[in-house]
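The values are calculated or read from the model by the stated rules, or taken from the named source; none is laboratory data. This one's a predicted model, so the numbers in the text were calculated from it and none came from an experiment. Note that each Cβ is placed from the backbone with ideal geometry, even for glycine, and that neighbours are counted across all protein chains shown.
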Amino acid sequence: MTALAPALSRFLREHLPRDQRASPHTCDAYAYSFQLLVTFAARQLQKAPSQLEVEDIGVPMILSFLEHIERDRGNSARSRNARLAAIKSFFRFLEYRVPACLDQSLRVRAIPIKKTDQTLVASLTRAEIQALIDAPDPKTIYGARDRAMLHLAFSAGLRVSELVGLQLDQLELRSPATIHVIGKGRRERVLPLWKEGVIALKAWLAVRQQRQDGALFLNAAGFAMTRSGFEYILAKHVITAAQSFPSIAAKRVTPHVLRHSCAQHMLRATRDIRKVALWLGHANLQSTEVYLRADPNDKLEALAAASSPTLQPGTFSPPDKLIAMLKEARRSNYAE
């Protein structure tokens, strides 16, 4: 039997950050996935989590866990697949280090992912974005910070991890003002800043506390802003913006919705999906095509360019009720 705790510790603390060079956000997500799995397995087997063995985490246990997070925790199919990806990565790690677990690993890795719906992305209109950016009070320290964060999240189309991970040395405010973004998969890109964004950032930097860690955006305690911290800030300002623009209240506004909104506005302005992909830092155009499905302009252009089949004019005359009844009676008798 193979103890689970030492193997899982080596996977999370050594293999992911050192061998795979996974980002801190990936390591955190994987650690949380296993926290949920270990807690569930320990409760099912009535063991202490530290006493679990690798053999306890078999295919039946994993399938029960995946069903549990969907049914009891209300997770979506995407979240389920993300948890399963973390589990498969761990068993792939075990294949070459614990040969006795090879057969178990192959069976775990054969668990299929769950198909997800390809839904349209949500976005905000330009007026709604303006109302959201105007929600923070620029006369206060945190209002200046929040306005800069909201403007940068939208105008640069940043992921929330990219936004809260920005450092001071990634910002260049001299003309032309740019920001150096380290994105998903360690893909780097340099984006120009809008004039309004530069003004908002300078207003924040003028009142920002001097810290040694060099994070661009700080929370109330003076530490680097976290993902949950920005989500809380965004939710607070959505409520304020909804008072002046009620349509926002009917939408679920998340940090990624700001990124989607940036992509939709840029697609309408440039009509070039390649430029949108470069701006967002997508690895391929397939990830960007989702915005084409949500934008009706291209469909309207195709509709205008194509010719519709013509219809011959005519009028409909309803049949006589008596004749219709007789025809129906004939069909009924024939069927019998």
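Just the residues that are exposed (fewer than 13 other Cβ atoms within 10 Å of the Cβ) and outside any helix (DSSP H, G or I), please, taken from segment 233-257.
Residue satisfying the conditions is Arg252 alone.
Here is a list: Leu52, Leu106, Leu102, Leu94. Which entry is modelled with pLDDT under 95 and in contact with a Leu (Cβ under 6 Å, 6 or more places away or on another chain)?
None of the other options fit; the residue is Leu52.
Name the residue that is modelled with the lowest pLDDT, counting only residues in segment 142-184 that are crowded, with 17+ Cβ neighbours inside 10 Å and over 25 Å from the mean Cα position of the chain (by Cα).
Top of the filtered list is Ala177.
If you take the residues in segment 1-35 that are among the polar types (S, T, N, Q) and touching a residue at least 24 places away in the same chain (Cβ under 8 Å), which one is surrounded by the fewest Cβ atoms within 10 Å (Cβ to Cβ)?
Thr2
Looking at segment 65-78, I want the residues that are basic (Lys, Arg) and have a partner that is assigned to a helix (DSSP H, G or I) with Cβ atoms under 9 Å, at least 6 apart or on another chain. Which pairs are those?
From segment 65-78, the pairs are Arg73/Leu36; Arg73/Ser79.
Take segment 186-196 and flag every residue that is within 14 Å of Pro176 (Cβ to Cβ) and touching a strand residue (DSSP E or B) at 6+ places or on another chain (Cβ under 9 Å).
Scanning segment 186-196 gives Val190, Leu191, Pro192, Leu193.
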